[in-house]
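Let me begin by presenting the structure, written as structure tokens, before commenting on it.
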Amino acid sequence: MSPTFAHAELTKTASSPESAATANASNPTQETDSAPPSSPAEQFATARRLFNGEKGAADPKRGLELLKQAAEQNYPPALYELAYLYETGAYVGQDDDKAASLYEQAAKQGHADSQYNLGVLYLRVFKDTEKARYWLEQAAQQQDVEAQYNLALLYDFSQGKQANPEEATYWYTQAAQHGHKNAQFDLGVRYLEGKVLTKNLSQAAHWFREAAEQGDPAAAFNLALMYDDGEGVANNPQEAIHWYREAAQQGEAGAQYNLGIKYLLGENLPPDHDKGVSWIRKAAEGGNPAAQYTLAFMLDQGKDLPKDDNQALYWYRQAADQGYTDAEVGLAIMFANGQGVAADPVEAVRWFQKAANAGNASAQFNLGTYMIHGIGVAKDLPSAAYWLSLAAEQGHEHAAANRDYVLQLLSDNERAALEQRLKSAPETGSQQDNQAAIH
């Protein structure tokens with residue numbers, strides 16, 4: 001089972017005045033009436049103390065005055081902090097243009113944080129990808145790890161000529177080597193998929209582990225899958241359980257589902273019905289369609305949980321709305337039988353059709369059978385034969401017999417048209433995966 005993947009959003013590292021870097025403001029002097037700060041470094045350091053309220057009452061008004069004085073002397077840390085205030089609207093009126101101008105003055109002096117924030121500002125506010133790329137790269141070359149990662153994202157997700165998968169991989173690697181967990185995860189995905197880099201499952205597992213050890217739940221889940229399947233690492237059920245649990249405890253729904261199934265089945269764990277159901281329910285509530293379907297099935301069948309048609313209908317619908325084909329079939333059957341809802345064969349056919357189109361053999365069989373008898377849909381023997389043929393190709397137990405019955409009722413022209421239709425049919429077989437995708 002192949003691990004799934006996700007990408008983090010753009011991040012931002014700009015600090016507030018309370019947490020600003022002191023840069024060159026070493027050994028700052030304290031402002032007094034007799035000796036006001038004169039150098040930009042002293043003005044900047046005193047401004048920080050006044051914002052923070054260090055060594056006395058806070059005085060942000062005076063702090064802002066000193067910050068502006070330092071910025072007027074082209075002092076990069078002051079330019080950066082003042083730009084941040086204009087960007088956020090703290091203590092001053094919000095003004096993106098002013099922020100960009102101040103960031104640029106500092107950025108041109110090599111101030112990495114200003115280069116990074118300016119790049120993000122161009123990307124998010126001014127929508128100027130080229131300038132964003134330029135300033136992010138300036139910061140990235142100074143080993144700013146957030147710039148490296150965001151530059152990778154920019155190359156990765158740009159359209160047309162601006163896209164550059166090789167450059168994206170380079171900057172993912174730089175950021176990953178500097179400990180950026182999202183970059184480590186995305187680099188692992190690249191090794192796993194083998195689309196840009198040569199497929200290397202051991203490298204994928206390595207980078208997933210690096211990210212997982214920093215608390216990334218998606219990486220922990222993928223690493224668990226690899227230990228479970230013996231891909232890139234030696235099969236190790238206990239390591240798989242460890243990483244499933246790490247991811248599950250951080251809210252990763254796919255891991256919660258897999259852990260719940262292992263408790264229910266007693267697979268490399270002592271069987272524990274209550275823990276199994278609890279984890280599956282958590283995963284369902286977290287949006288995992290496989291867990292939603294499993295919970296619905298339990299409630300529908302009265303297996304492992306008391307029978308509850310209303311709740312079964314609810315959870316089937318939650319999973320079906322995400323395109324989970326087994327849930328679409330379950331929902332169709334509930335509409336067909338009037339379980340937890342008024343019987344509605346037309347709605348049943350609608351859900352059978354969705355699942356059949358996605359390759360679900362049970363749905364194809366039921367849809368074909370309904371078309372034979374005109375239940376919830378106009379009687380259509382050629383289409384019935386088509387859907388029953390697809391189900392039979394997948395080995396559905398009763399589909400071949402029903403298909404053969406319908407074929408006897410078709411004319412020669414209808415059988416010839418059916419053969420052509422089957423030749424152009426998409427490959428059958430639902431590829432549904434009980435280990436749900438990471439978002």
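Can you name every residue in region 251-271 that is in a loop (DSSP other than H, G, I, E, B) and farther than 22 Å from Pro217 by Cβ?
Listed by number, the residues that qualify are Gly266, Pro270, Pro271.
Restricting the search to region 278-313, which residues are under 23 Å from the mean Cα position of the chain (by Cα) and among the aromatic types (Phe, Trp, Tyr)?
Trp279, Tyr293
Go through (1) farther than 18 Å from Ala290 by Cα; (2) in contact (Cβ under 8 Å) with a residue 12 or more places away in the chain and name the single condition His373 misses.
His373 satisfies every listed condition except (2).
Note down all Cβ pairs under 7 Å where the first residue falls in region 72-85 and is on the phi > 0 side of the Ramachandran plot, the second is surrounded by fewer than 24 Cβ atoms within 10 Å (Cβ to Cβ), and they're at least six residues apart or on different chains.
Asn74/Gln105
For the subset of region 396-425 comprising residues that are touching a helix residue (DSSP H, G or I) at 6+ places or on another chain (Cβ under 7 Å), under 22 Å from Gly359 (Cβ atoms) and outside any helix (DSSP H, G or I), which member is most open to solvent (accessible area, probe 1.4 Å)?
Out of the qualifying residues, it is His398.
What are the pairs with Cβ atoms under 7 angstrom where one residue, in region 303-318, is closer than 18 Å to Leu264 by Cβ and the other, located anywhere, is open to solvent by 60 Å² or more (accessible area, probe 1.4 Å)? Sequence gap at least six, or different chains.
These pairs meet every condition: Asp304/His273.
Would a scan of region 300-320 turn up a residue that is touching a Ser or Thr at 6+ places or on another chain (Cβ under 7 Å) and modelled with pLDDT of 95 or more? Walk me through it before giving the result.
Here is the first cut: in region 300-320, the ones touching a Ser or Thr at 6+ places or on another chain (Cβ under 7 Å) are none.
Scanning region 300-320, I find no residue that is touching a Ser or Thr at 6+ places or on another chain (Cβ under 7 Å) and modelled with pLDDT of 95 or more, so the answer is no.
Among the residues of region 204-250 satisfying the criterion of being closer than 20 Å to Gln184 by Cα and in a loop (DSSP other than H, G, I, E, B), which is most open to solvent (accessible area, probe 1.4 Å)?
Glu213
Applying the selection to region 151-176, what residues are more than 12 Å from Thr129 (Cβ to Cβ), of a type in the set (S, T, N, Q) and in contact (Cβ under 8 Å) with a residue 24 or more places away in the chain?
If the condition is that a residue be more than 12 Å from Thr129 (Cβ to Cβ), of a type in the set (S, T, N, Q) and in contact (Cβ under 8 Å) with a residue 24 or more places away in the chain, then Thr169, Gln174 are the ones that fit.
So if I check each of Ala290, Ala253, which one is in contact (Cβ under 8 Å) with a residue 40 or more places away in the chain and open to solvent by less than 10 Å² (accessible area, probe 1.4 Å)?
On the way: Ala253 fails: open to solvent by less than 10 Å² (accessible area, probe 1.4 Å).
Testing whether each residue is in contact (Cβ under 8 Å) with a residue 40 or more places away in the chain and open to solvent by less than 10 Å² (accessible area, probe 1.4 Å) leaves just Ala290.
Pairs please, first residue from region 199-222 and free of Cβ contacts under 8 Å to residues at least 12 places away in the same chain, second anywhere and of a type in the set (A, V, I, L, M), Cβ atoms under 8 Å, 6+ apart in sequence or on different chains.
Lys199/Leu192
Conditions first: (1) farther than 19 Å from Gly276 by Cα; (2) in contact with a Leu (Cβ under 7 Å, 6 or more places away or on another chain); (3) crowded, with 24+ Cβ neighbours inside 10 Å. Thr169 passes all but one, so which condition is the exception?
(3)
Evaluate the following for Asp300: is it among the charged types (D, E, K, R), in contact (Cβ under 8 Å) with a residue 60 or more places away in the chain and within 22 Å of Ala355 (Cβ to Cβ)?
Criteria not met by Asp300.
Scan Val277, Val329 and give me the residue that is at pLDDT 95 or above and within 20 Å of Glu397 (Cα to Cα).
Among Val277, Val329, only Val329 is at pLDDT 95 or above and within 20 Å of Glu397 (Cα to Cα).
Which condition number does Glu328 fail, the rest of (1) of a type in the set (Asp, Glu); (2) under 25 Å from Gly376 (Cβ atoms); (3) surrounded by fewer than 20 Cβ atoms within 10 Å (Cβ to Cβ) being met?
Condition not satisfied by Glu328: (3).
Please go through region 85-119 and give me each residue that is closer than 21 Å to Glu146 by Cα and either β-branched (Val, Ile, Thr) or in contact with a Cys (Cβ under 6 Å, 6 or more places away or on another chain) (or both), ordered by number.
Matches in region 85-119: Thr88 only.
Could you say which residue among Lys195, Lys181 is over 22 Å from Lys127 (Cα atoms), open to solvent by 20 Å² or more (accessible area, probe 1.4 Å) and modelled with pLDDT under 95?
Numbers: Lys181 fails: modelled with pLDDT under 95.
Matching residue, one of Lys195, Lys181: Lys195.
Conditions (1) part of a helix (DSSP H, G or I); (2) buried (at least 24 other Cβ atoms within 10 Å of the Cβ); (3) of a type in the set (D, E, K, R), marked per residue:
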{"site": "Glu42", "(1), (2), (3)": "yes, no, yes"}
{"site": "Arg49", "(1), (2), (3)": "yes, no, yes"}
{"site": "Leu67", "(1), (2), (3)": "yes, yes, no"}
{"site": "Ala70", "(1), (2), (3)": "yes, yes, no"}
{"site": "Asn74", "(1), (2), (3)": "no, no, no"}
{"site": "Tyr80", "(1), (2), (3)": "yes, yes, no"}
{"site": "Gln105", "(1), (2), (3)": "yes, no, no"}
{"site": "Gly110", "(1), (2), (3)": "no, no, no"}
{"site": "Ser114", "(1), (2), (3)": "yes, yes, no"}
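Considering each residue of region 185-194, count those that are touching a residue at least 24 places away in the same chain (Cβ under 8 Å) and out of contact with any Lys or Arg (no Cβ under 9 Å at 6 or more places or on another chain), and give that number.
3
The values are calculated or read from the model by the stated rules, or taken from the named source; none is laboratory data. The model shown is predicted, which means the values in this text are computed figures rather than measured ones. Here Cβ is always computed from backbone atoms with ideal geometry, including for glycine, and neighbour counts include all displayed protein chains. Areas reflect the complete protein model, heavy atoms only, side chains present, ligands, DNA and RNA absent. Shrake-Rupley method; radii C 1.70, N 1.55, O 1.52, S 1.80 Å.
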